[in-house]
Amino acid sequence: MGRESKTKNQKRARAAAQQRAQEQFASVPHSFVFHRGRVGRSLQQLILDVRRVMEPFTASTLQVRKKNSLKDFVAVAGPLGVTHFLVFTKSPTNVNFKLVRLPGGPTLTFRVTQYSLIKDVVSSLKRHRMHEQQFTHHPLLVLSNFGLQQMHIKLMATMFQNMFPSINVHKVNLNAIKRCLLISYNADTQLLDFRHYSLKVVPVGASKGLKKLLQEKFPNMSRLEDISELLAKDINLSESEAEQDGTHNILELPQVYAGRGNMKAQQSAVRLTEIGPRMTLQLIKVEEGLNQGNVLYHSFILKTEEELWAALARKEERLRLKAERRCRQEANVQRKKEQREAHRKQSLAGIRRRQQQGEDGDSGAEDPGLPEDQDPANQSDDDVEYYRQEVGEEPDADLFPKRVKRKPGPLCSPQPSKRLRPSQPGEQPASRKAKHRRPLGQPQRGGRSPREPGNSQRPGQQNDPRSPKGRGQQRGARTPKPRGPRHPGQQGTKRGPRLPGSKFKGPGKPGLRRKQAAQGKGGRQRPRAPKKGQP
């Protein structure tokens, strides 16, 4: 029984803690870090490093496409609870950085004069301290030299403070502070230094040998005879470990801090190790709204009060003209919509009247169609007149298009495409193929002479020893003998009578064969039709 009640209490406590975490996560500011336009590889890496600084309340894996506009990011920022945009752009001469507050602005535009990536900063250090547990909590923001009374200085300080969750110094957990973000303003150069540090707390008052023992890695004591030598003498310690601590970084801990020797109410030293990235920023201008609005401050362009009022009047005039055009467009759209609706109603009323007239008359009568002497092109004129009488207004131009008679094309022309040469009196007209046929005895193109009848060889091939027929004639090759009858009773190449079970057919009746043989024609041959152009 006790175990079941304990399990229920644990579930309730876990659910309540999860709900509080969700409420706390939704109440803190969130950010998007992305770029607009084409940027180089180093600037893309800088964007990833800035996302690393803004973790965990930022979109670390935000995917940006070329076709995405600023309106797309604003549309998804509301449901996700995003409050700030950090936008990087690149021009042929400068790299710009815009800090936008959602949903109503303002927008701060900076020029990035210098920047260094995380890999560049870490590679320059002899020992760096950076691990993934540091990025589970937001960094501690430290602003330096922002106490000036100028308007743009106060606005910058407010914008940077609202980028990160607020801290209650009485309830804050020191173990949640692992990083520090320092933004320092130089009034002489009007530049801002952006630095990112890793925070470490070590105890004060112990010798360097004892500090070495308290660390995770123990020193090499193979050359020592007693441990007292390590506590009394500072041996086997590198010069980088002998850091000078003073009043600038020594404090009394109000809580127990993670690490060996960091106890409550004892003095400890806070050490910072830069982990990057670095940026040097210069404020260019401050605008109202989301990247569009009145310019509240500009570092290069100074305007008088009259010029500001004139610019404001011009902007109001542009907005007024834009509103008038929009109202006029909406009125035109509504008017055209009403005209289409009225035209549709009139057309339907005319159709109903026509149907009623058809029901009153002889609806079963056959449509006589057009008279034979009436031109089909005049039918559209009759339809226009009928529509004018029934509806009471002029029809649209494209409702009854006029029929245009097409001129007969080349396919419909009775005239032939090619003219034939007229024949002489007493001469048979020649066809198109006979016109282009080469007459007998005329040499071909290219200088070739015609072949003689009965001679299948080309001129000069009979006596040519290189040709096969020429070689055969020189060697005395014999001419082939004519074949005899293949069956008894077959004469020459004519087939004999069909035998029982044979697939050959006889030539037909004997009397018919003799008659055809007397005329000089074969039994199964047919007379050929004369060629065109020959008698």
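Sorting K126, K66, K285, K90 by solvent-accessible area of protein heavy atoms yields K66, K126, K90, K285, largest first, with a 1.4 Å probe.
The heavy atoms of I301 present about 100 square angstrom of accessible area, all protein chains included, probe 1.4 Å. Within the assembled protein chains, the solvent-accessible surface assigned to S60 is about 50 Å², based on a 1.4 Å probe.
For segment 1-60, trypsin sites (Lys or Arg not before Pro) meeting the loop criterion (DSSP other than H, G, I, E, B) and having at most 11 other Cβ atoms within 10 Å: R38.
Annotation: amide H-H contacts under 5 Å for I275 (H modelled 1.01 Å from N, sequence separation of 5 or more, or interchain): H196, Y197, S198. Karplus-derived 3J(HN,Hα) values for segment 133-140, using 6.51 cos²θ - 1.76 cosθ + 1.60 with θ = phi - 60°, are 5, 5, 9, 7, 10, 6, x, 8 Hz; glycine and proline are entered as x. Going by accessible surface with a 1.4 Å probe and the largest first, I153, I351, I250 read I351, I250, I153.
For Y297, the amide hydrogen comes within under 5 Å of the amide hydrogens of V286, counting only partners 5 or more places away or on other chains and with H modelled in the peptide plane.
Give the calculated FRET efficiency between L251 and A15 to the nearest 0.05, with a Förster radius of 25 Å applied to their Cβ-Cβ distance. Walk me through the intermediate numbers first.
Values: r = 39 Å, r/R0 = 1.54.
With a Förster radius of 25 Å, E is 0.05.
Applying a DSSP loop filter and a limit of 13 other Cβ atoms within 10 Å to the chymotrypsin sites (Phe, Trp or Tyr not before Pro) in segment 245-309 leaves F300.
Residue by residue, segment 72-86 carries 3J(HN,Hα) couplings of 5, 5, 5, 5, 8, 6, x, x, 8, x, 7, 10, 9, 10, 10 Hz when phi is fed to the Karplus relation 6.51 cos²θ - 1.76 cosθ + 1.60 (θ = phi - 60°); x denotes Gly or Pro.
The charge dipole of segment 102-183, taken about its Cα centre with unit charges on the Cβ atoms of Lys, Arg (+1), Asp and Glu (-1) only, comes to about 240 debye. Annotation: L117 carries an accessible surface of approximately 10 Å², with a 1.4 Å probe and no ligand, DNA or RNA atoms counted.
Nothing charged except the Cβ atoms of Lys and Arg (+1) and of Asp and Glu (-1): what's the magnitude of the dipole of segment 60-119 about its Cα centre? Round to the nearest 20 debye.
On the way: 9 positive and 1 negative charges, 42 e Å.
It works out to roughly 200 debye.
Cross-link pairs exceeding 23 Å between alpha carbons, from the set K285/K315; K126/K200; K119/K178; K90/K119; K71/K303: K71/K303. Residues L224, L99, sorted by accessible area with the largest first, give L224, L99 [1.4 Å probe; ligands and nucleic acids excluded].
Counting only other residues whose beta carbon sits under 12 Å from that of Q329, what net charge do I get with K and R as +1, D and E as -1? All intermediate terms of the calculation are to be shown ahead of the outcome.
Details: positive: K322, R325, R326, R328, R335, K336; negative: E324, E330.
Result for the local shell: +4.
With the charge dipole of segment 1-117 set up from +1 on Lys and Arg Cβ and -1 on Asp and Glu Cβ about the Cα centre, the Cα lying farthest toward the positive end among the listed residues V74, V100, Q19 is that of Q19.
The values are calculated or read from the model by the stated rules, or taken from the named source; none is laboratory data. In this text, all values refer to a predicted model and were calculated from it rather than measured experimentally. Glycine gets a Cβ as well: all are built from the backbone with ideal geometry, and neighbour counts include every protein chain shown. In case anyone asks, the SASA skips ligands and DNA or RNA and just uses the protein heavy atoms, side chains included. Shrake-Rupley method; radii C 1.70, N 1.55, O 1.52, S 1.80 Å.
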